[in-house]
Structure formats: structure tokens, C-alpha cells
Amino acid sequence: MRTEAVTSSRLTDLEHKRSSVSAPAAWDYAPAPESREVVTLRERYGHFIGGEWVEPRDSYTTISPSSEEELAEVGQATPEEVDAAVGAARAAFANGWSALPGAERAKYLFRIARILQERSREFAVLESLNGGKPIKESRDVDLPLAAAHFFYYAGWADKLEYAFPNRRPQPVGVAGQIIPWNFPLLMLAWKIAPALACGNTVVLKPAETTPLSALLFCDVLRQAELPPGVVNIVTGDGRTGAAIVDHDGVDKVAFTGSTEVGKAIQRAVAGTGKKLTLELGGKAANVIFDDAALDQAVEGIVNGIYFNQGHVCCAGSRLLVQESIYEQTIAKLKKRLATLRVGDPLDKNTDVGAINSKMQLDKITELVDAGKEEGAEIYQPACRLPEKGYWFAPTVFTNVAQSYRIAQEEIFGPVLSVLTFRTPDEAVEKANNTMFGLSAGVWTEKGSRILWMAQQLRAGVVWANTYNRFDPTSPFGGYRESGFGREGGRHGLEPYLRFE
Ligand code: NAI
Ligand code: MG
């Protein structure tokens, strides 16, 4: 009896509480901000030359693209400062690094990989702060992959003779490496890990809008006790990049960025004997056949173009849908877009962060305006964009003709152009109707069709029933206007070696 009485009174309490709390009007996500406290920024950064911080002659301010907040002063390296960095790299190459046994070089690379893992939260926050990408992505993609690249190439350092039997692989010398702003730390890892594994030394320049993770990486190099001068980092814009490319003491140039600058670099190194790899733009087709698992394919479409705000060279920016499932696919895609959360990069719920720079926002806006003018139909889900900072809503264009600029040019933003096809042959023809050749996606249940498509598509990487999947063991790179040379895998060693 007593127990019953107590229970019933508790139930009444509960009932009471329930009626006093109003049901939520909408199931919004509460903010879940990652703490900025884990990152300590200096007011001013110099260049990292010969293991020391060198006070820069000129400098500029780097900002957070999501708030336009000023973060730090960084150097704009002059040709003289680049010369000092190349000199330090040359000395380190000659004074022992190139002659170290591979197993010794591997130790440093393993150390760097482990320190990156240990400090991954700090790096992830900094990457999102300086670049605008969602913390979810920098934490779960950029950082684990960057560490994985160092682990992977550490494993090759003492096995180069097995990788290239009977060919006597030798390091090339000083590598000049210029990287973009879409995956700042990951691109650094793609460049530095194979270069060091092969016994080269490095002068690297991060992109002007995202220098901070590369500068924090200098701390990691010191922690790993990498000999001074093996890796030198100078910051600055394209002028600094050009000074690296033009320097006589550089033996190999590795570039990731725009096709336009890639072409200029190729002209600059022509006839100099410098080795060159170029990883440039793309306009990838993501091809959905009528037998594809459609809900999975829709996830693949979203991941293909809205991941990292579409600032991805291999982004699936041209969707090719088989005509018979067109209506259904677009309806599902629009429904899915309505659930994307656009906003603060440091919020753990954010799916789409800030556009990296004002310049990039202007480029996206210009191409989207061109799409509207040329006659495509635009769709954007309702979303409230923050007032400060650089933002662009996830966008889908339907009614797109192959000749439109939005079907031809790399937008490098969260903008998808949808085209249709009837037969596999037509899909191949349309997919290959581009100056680029970096990546493609195929969605179908038929294994035979996947293999056939992979052979027909003129792209360096073809993903089947997945998209934007990366692994350090897998070579990545393009042809035609997407560049040449491969990064990742055993192939990624070759640009950093010469053979006797
Ligand atoms: P960009 O090609 O100008 O910049 C990439 C890197 O090259 C940066 O570090 C930059 O400082 C450096 N650079 C610029 N001019 C140089 C020169 N003359 N010599 C040597 N280095 C130089 O790319 P930007 O202007 O930031 O973006 C423009 C477009 O390029 C984007 O809208 C996008 O379409 C494409 N892009 C493609 C990337 C990719 O991953 N394939 C990455 C970044 C941009
Ligand atoms: Mg540029």
C-alpha cells in the first residue's frame, strides 16, 4: 500500500512537471562549440629557417574567415628570405640528412606522426579557425589523414631499394613545395612526408590565407628534434611562391593549386632540369545509374560537393543522373540539403563552414551569377548565414547545359551542377567532356559496370559507390589540366627520387 502511494505521488509530480514545460517548437541543435583554449596564438610569426624563427622583413595579418577576426601577423617572405631558406635546406642536405640510413630518417617521421596525433585537437581547432572548415572535418579527416601520411612514408624510408628494385634510388636534393588553403596541414603532410622519407630537404610555403597550422607544425619539428634546416617554412603570397620556383638551388618543385598558376610554374621551370609535379583543379563527374542504392548515392552526392565547402580539387561538382531516376534523385537531394547545418566552423554540429576568403567568395558568386544568367535553375535550402565572415549557402543548379560555365569551370565552392544522361555511353561522353581529369564517381549495383566505367572515365581516381575517400597508400593525381605526377602510395615516392 505504502509503496503504491509513493509511486503514485511521484507520478503526479512528473505529470505536473510535464505540463509546465512547453514542448519545443523545433528540434534545433543546441550550440556545441569546441574550445579555442587549446590553441595559443602568438601575436607575430617569423619564417622558420634552419630550425630558428627568423624575424620577417615584411608581414601581413591573417584572419579567421568565419568572423573576419584578426588572428596574427605573419611574414611575407622576400626573395632574400627564400634564398636563406633554400641555403639552410641545401646545407642540411649536404651535412648529413641525405646520407642518413633510411631507418634513421624513419624514426623522425614516426615521431612527427605521433606528435601530430597527440596534438591533434589543438591542430584541428587551429585549422578550423584559420581556414573556416568545420571542426568535425578537421578533427575526423584532416588530422588523422595527416598523421597517417607520416606513418605511411616512415614505413617506406628504409625500403626504397625494395620499392624500386635494381634502380638505386637517390634523393633529389632540395624540394620547393607550394600548397593551397583547402587542406593546409594535410597538403603539408602530402608534400613533406615523401620528401623526407626519400632523403630530401624542404622549403615549404603554405597558402597566404592559411599559414597558421604550418607555423604550428614547426613546433612539432622541434619537438621531434628534426635536424635544423631539413624542413624550412616561409610564408607569403604568390610572390614568395614564385621566388621558390625560380630559385636555382631548388631541385624539385611540387605544387598544388590552380591550373593557371600551375601552367605558369611549368613555363618557369621548363629547361631548368628541375623535377616538377602539379596537382591542379578538377570538374569531376559523379555518375548515378538507375540501379544505384539511391539513399547512399544521395549521401555520396552531398559528401562529394559540400564537404569542405566544396573547396576540394576532386569535388564531385558535376552530377550526372540517369534520366529515369532524375525526379526522385533531385527530390531526395533537396530534402537532404534542408538538414545541412551551415555556420560556426568550431561548432561540432556544423556540416558546412565558412568560405576560405573574400576572394574565393567573389569567385563563387561570379560563377553562380553566370549560371543564373545562362539559364540554369538555382535551388538553395533555407538557411540563415552569419552576418560577419564569408558564407555561401549550399547550392544546386538544375537545367544545366554542358556549355554553361558552371558545367565547365571549377567553382571550388558548395555549388553542384546537375546534368542527365540516358545510356552508359552518354554518361561517359558527358563525364569526359572537360579539360580536367582528376577524379570521378560511379554509383551502380553492377560490378561489371563499375569496371567498365572506370576504364572509360578519363580521371586519375574513380570512386565506386563512395566519394572523397582518401588513404595514404593510394596514389592520387590527374592528367590533362588537372596536372601530372602522383602523391600517395609507392608512386608518391618517385617524384622525390632520381635513379642512378
Ligand atoms: P593559387 O593557385 O593562386 O594558390 C595556390 C598556392 O600557390 C598558394 O600557396 C599561392 O600563394 C601560390 N601561388 C600563387 N601564385 C603563384 C606563383 N605565381 N608562383 C608560385 N606560387 C604561387 O590558387 P588561389 O588563387 O588561391 O585560388 C584560385 C582557384 O584555384 C580556386 O578558386 C580554385 O579553383 C583553384 N584551386 C585549386 C586547388 C586544388 O587543390 N587543386 C587549391 C587552391 C585553389
Ligand atoms: Mg591565385
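Taking max minus min of the alpha-carbon positions on each principal axis, the chain gives extents of 84, 65, 45 Å, largest first.
Rounded to the nearest 10 degrees, what's the angle between the helix 358-374 long axis and the longest principal axis of the chain, both from Cα atoms, 0 to 90? Orientation of helix 358-374: about 60 degrees from the principal axis. How much FRET efficiency would the formula 1/(1 + (r/R0)^6) give for Glu225 and Met359, where r is the Cβ-Cβ distance and R0 is 35 Å, rounded to 0.05? Computed FRET efficiency for Glu225 and Met359: 0.35. The Kirkwood radius of region 134-204, taken over pairs of alpha-carbon atoms, gives through the Stokes-Einstein law at 37 °C and 0.692 mPa s a diffusion coefficient of 249 µm² s⁻¹. Average accessible surface for region 236-278: 44 Å² per residue, computed with a 1.4 Å probe over protein heavy atoms with every protein chain in place. Straight-line cross-link reach from Lys252 at under 21 Å between alpha-carbon atoms covers these lysines, not counting any fewer than eight positions away in the same chain: Lys191, Lys205, Lys263, Lys274, Lys275. If you fit an axis through the alpha-carbon atoms of helix 120-131 and take the longest principal axis of the Cα set of the chain, what angle between them do you get, 0 to 90°, nearest 10? Long axis of 120-131 versus the principal axis of the chain: about 80 degrees.
What's the Cα-based Rg to Rh of region 353-431, Rh via Kirkwood? Let's see the in-between values first.
Details: Rg = 14.0 Å, Rh = 13.6 Å.
Taking Rg over the Kirkwood Rh, I get 1.03.
Take region 135-232 with all the other protein chains still there, run a 1.4 Å probe, and you get 27 Å² of accessible area per residue.
Kindly give the semi-axes, whole Å and largest first, of the ellipsoid equivalent to region 181-340, taking each as the square root of 5 times a Cα gyration tensor eigenvalue. Equivalent ellipsoid of region 181-340: 39, 19, 13 Å, largest first. For the peptides 426-437, 47-58, the ranking by mean Cβ contacts within 10 Å, running from highest to lowest, is 426-437, 47-58.
So, with a 1.4 angstrom probe, what is the percent of accessible area on the chain that is carbon and sulfur? All intermediate terms of the calculation are to be shown ahead of the outcome.
Values: 10850 of 21490 Å².
Carbon and sulfur together cover 51 percent of it.
You can think of it this way: the chain between Phe499 and Ser448 has 14.4 nm of extra reach, that is 0.36 nm per residue less the Cα-Cα gap. The peptide list 117-129, 69-81, put in order of mean Cβ contacts within 10 Å with the highest first, becomes 117-129, 69-81.
Taken along the Cα-to-beta-carbon direction at a fixed 7 Å, the label points for Glu387 and Ser258 span 3.2 nm. Full extension of the segment from Asn433 to Arg44, taken as 0.36 nm per residue of separation minus the current Cα-Cα distance, would add 135.3 nm.
What's the ranking of 146-158, 184-196, 263-275 by average number of surrounding C-beta atoms within 10 Å, highest first? Let's see the in-between values first.
Details: 146-158: 23.2, 184-196: 27.1, 263-275: 14.7.
Most protected by this proxy first, the peptides run 184-196, 146-158, 263-275.
From its DSSP helices (H runs of at least four residues, each -39,500 (n - 2.57)), the chain gives a residue-normalised ellipticity at 222 nm of -12000 deg cm²/dmol. In straight Cα distance, which aspartates and glutamates are under 16 Å from Lys334, not counting same-chain residues fewer than 8 positions off? In chain and number order, the partners are Asp295, Glu299, Asp351, Glu377. Near the amide H of Phe421, within less than 5 Å, lie the amide hydrogens of Val321, Gln322, Glu323, all on another chain or at least 5 residues away, with H placed in the peptide plane. Rounded to the nearest 10 degrees, what's the angle between the helix 259-269 long axis and the longest principal axis of the chain, both from Cα atoms, 0 to 90? It works out to around 10 degrees. Computed over region 427-500, the quotient of the alpha carbon radius of gyration and 2.2 N^0.38 Å is 1.22. Amide H to amide H distances under 5 Å link Ile63 with Leu71, where only residues 5 or more positions off or on other chains count and H is placed in the peptide plane.
Per-residue SASA remark: Thr259, around 20 Å² accessible (1.4 Å probe; ligands, DNA and RNA not included). Panel note: the C-alpha atoms of region 308-404, placed on their principal axes, show extents of 41, 26, 25 Å (largest first).
Percent of alpha carbon pairs in region 48-127 separated by more than 20 Å? It would help to have the intermediate numbers written out before the result.
Working: 1841 of 3160 pairs.
So the portion of pairs separated by more than 20 Å is 58 percent.
The values are calculated or read from the model by the stated rules, or taken from the named source; none is laboratory data. Keep in mind it's a predicted model, so treat the numbers as computed, not measured. Every residue, glycine as well, gets a Cβ built from its backbone with ideal geometry; the counts of neighbours run over all protein chains shown. Only protein heavy atoms, including side chains, enter the accessible area calculation; ligands, DNA and RNA are left aside. Shrake-Rupley method; radii C 1.70, N 1.55, O 1.52, S 1.80 Å.
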